[in-house]
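Structure record follows, encoded as structure tokens.
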Amino acid sequence: MSGFDFDLLVIGAGSGGVRASRMAAQSGARVAVVEAGPLGGTCVNVGCVPKKLFVYGSHFPEAFEDAKGYGFEVAPPRFSWDTLRDNKTREIERLNGVYGNLLDQAGVTVLHGQARVLGAHEVAVGEARYSAERILVATGSTPSLPTFPGVEHVVTSFEMFYLDALPKRAVVLGGGYIAVEFASILQGLGVDTTLIYRGPLILRGFDADVRGFVMAELRKFGIDLRLETDVQAIEKQADGSLQLTLHDRSGEGEDERARGETATLPADLVMAATGRHPLTAGLGLEAAGVALGEDGRVLVNEQFQSTVPSIFALGDVINRAQLTPVAIREAMAFTEAQFGTAAVPPVDYDLIPTAVFCQPNIGTVGPTEEVARQKHGPLAIYEAVFRPMKHTLTGREERTFMKLIVRRSDDRVVAAHMVGPDAGELIQGIAVAIVAGATKRDFDATVGIHPTAAEEFVTMRTPTREDPL
Ligand code: NDP
């Protein structure tokens, strides 16, 4: 046993911090976790979990409409935002308690307060000081705001979970995960929603076909997508509403006439979803000798060790992939190496399945077609576009898109992308096959489950296009 107060002191009780604390404590280590807010971090409190509850809520209006095609006459339903918001909050508070119990049962000491690293083995929490053989920084990330006059009128995902009332007209800034998810939630709940993105195609990093397809679906869903548009300023009006000044950048570089054109857009709420940066400010890390990247991330090696050998970091604060399951896997790899907990395979950052809960959902595993071609050489691409069977009776125009990317040299399926209902649920199983190295022949040999959307993944026989070998 070390002469320190704790063998491990974790800063941040989010997804990564809680998992690392529990695993280390269960292996017999003396562990403390410091948390300034409620237990569970971003995912539980202001991220994945409450977001998904709002996503479920936002699908009901569509379900009521769709019910007509199936013979149900539903009186126009009334929606109470207060009920959804408060029921969500109650569930989050229940989860806060569950996290507290899990930490208690594992024997982890929970220290409430703001942590500050004083040195390689020392941390202050308020007035108290603690020594630890190892310190783990798992403080996560926080929203980044753009800079323009009037940005103080903008809210972030934090506030969206506790709005007093839903606005009539909302504007969402950004074209990433959070922007498309919240635009879908707002539009689904009946808010007139505009999404403003600076580039020509939202969802940078996703497969180009997925990006184009999702944009068309979001527009069908009623979201006003304004592309190649910057916000220049936001002004508060006398009646409390907001006025955005927009700048069209679509003609920049090519068309002199479009350059510099501005327009105005009224709104009741503007939400920025313009990325998240690692939360290291005020932690005292640099003074303690920990090297940080330009964006504030803790720089770590393969063992999640910073430039100070006793200080480690993982999760959003190292900014490799800002995803809860990745933070959890990193925490397990960390505790395996440092405390001898159960062995886990290393995190394969190139093959992370993920979903975006926009309407309809995106599910994806493996690289985009463009990246796959660079990495794997000649490809065969299989695609399917169809109307989900449910909508044959509802009349809804929504379409589903599926795509398999196959490496021609050895028939390996290297990626699967989908846009459609429950894409996240469906892609998880496909991801197991791809991680295990399944070939297109294995997909073909798998009997489909009929009638499902998923069966398309095992019945796509003819490539849409093929690179020459
Ligand atoms: P993303 O990095 O995904 O997207 C940020 C968006 O904002 C991009 O479209 C970016 O444009 C744009 N942007 C950035 N800076 C500016 C600026 N100054 N002015 C205008 N636009 C700007 O971040 P999010 O905030 O959407 O999400 C953060 C992370 O959270 C994600 O990376 C994801 O890992 C995680 N997350 C995961 C979810 C899930 O798994 N379902 C759900 C929600 C979040 P450009 O592309 O041009 O840079």
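Observations on the model:
- All of Thr452, Thr439, Thr459 fail the test of being in contact (Cβ under 8 Å) with a residue 12 or more places away in the chain and either surrounded by fewer than 20 Cβ atoms within 10 Å (Cβ to Cβ) or under 22 Å from Lys390 (Cα atoms) (or both), apart from Thr439.
- Residues that are in a loop (DSSP other than H, G, I, E, B) and either open to solvent by less than 20 Å² (accessible area, probe 1.4 Å) or away from the ligand (no atom under 14 Å from the Cβ) (or both), drawn from the range 137-148: Ala138, Thr139, Gly140
- Boolean, Val290 is closer than 22 Å to Gly14 by Cβ, part of a loop (DSSP other than H, G, I, E, B) and either hydrophobic (A, V, I, L, M, F, W, C) or within 10 Å of the ligand (Cβ to nearest atom) (or both): yes
- Which listed residue, of Ala24, Ala29, is within 14 Å of Ala106 (Cα to Cα), touching a Phe, Trp or Tyr at 6+ places or on another chain (Cβ under 9 Å) and in a loop (DSSP other than H, G, I, E, B): Ala29
- Residues being within 16 Å of the ligand (Cβ to nearest atom), open to solvent by 20 Å² or more (accessible area, probe 1.4 Å) and either among the hydroxyl-bearing types (Ser, Thr, Tyr) or closer than 30 Å to Ala115 by Cα (or both) - total across the range 53-78: 1
- Where strands (runs of 3 or more DSSP E) fall wholly inside the range 192-247, the ranges with 1 or more residues that are farther than 30 Å from Ala415 by Cα and in contact with a helix residue (DSSP H, G or I) (Cβ under 6 Å, 6 or more places away or on another chain) are 192-196, 229-236.
- Selection status of Glu152, over 21 Å from Ala24 (Cα atoms), away from the ligand (no atom under 16 Å from the Cβ) and out of contact with any strand residue (DSSP E or B) (no Cβ under 8 Å at 6 or more places or on another chain): no
- Any hit, the range 413-435, residues being more than 16 Å from the ligand (Cβ to nearest atom) and in a loop (DSSP other than H, G, I, E, B): no
- Whichever residue in the range 159-185 is within 11 Å of the ligand (Cβ to nearest atom) and of a type in the set (Val, Ile, Thr) and, among such residues, is farthest from Val49 (Cα to Cα): Val172
The values are calculated or read from the model by the stated rules, or taken from the named source; none is laboratory data. Just so it is clear, the model here is predicted, and its values are computed rather than measured. Virtual Cβ from ideal backbone geometry, glycine too; neighbours counted across all protein chains shown. Heavy atoms of the whole protein, side chains included, go into the accessibility calculation; ligands, DNA and RNA do not. Shrake-Rupley method; radii C 1.70, N 1.55, O 1.52, S 1.80 Å.
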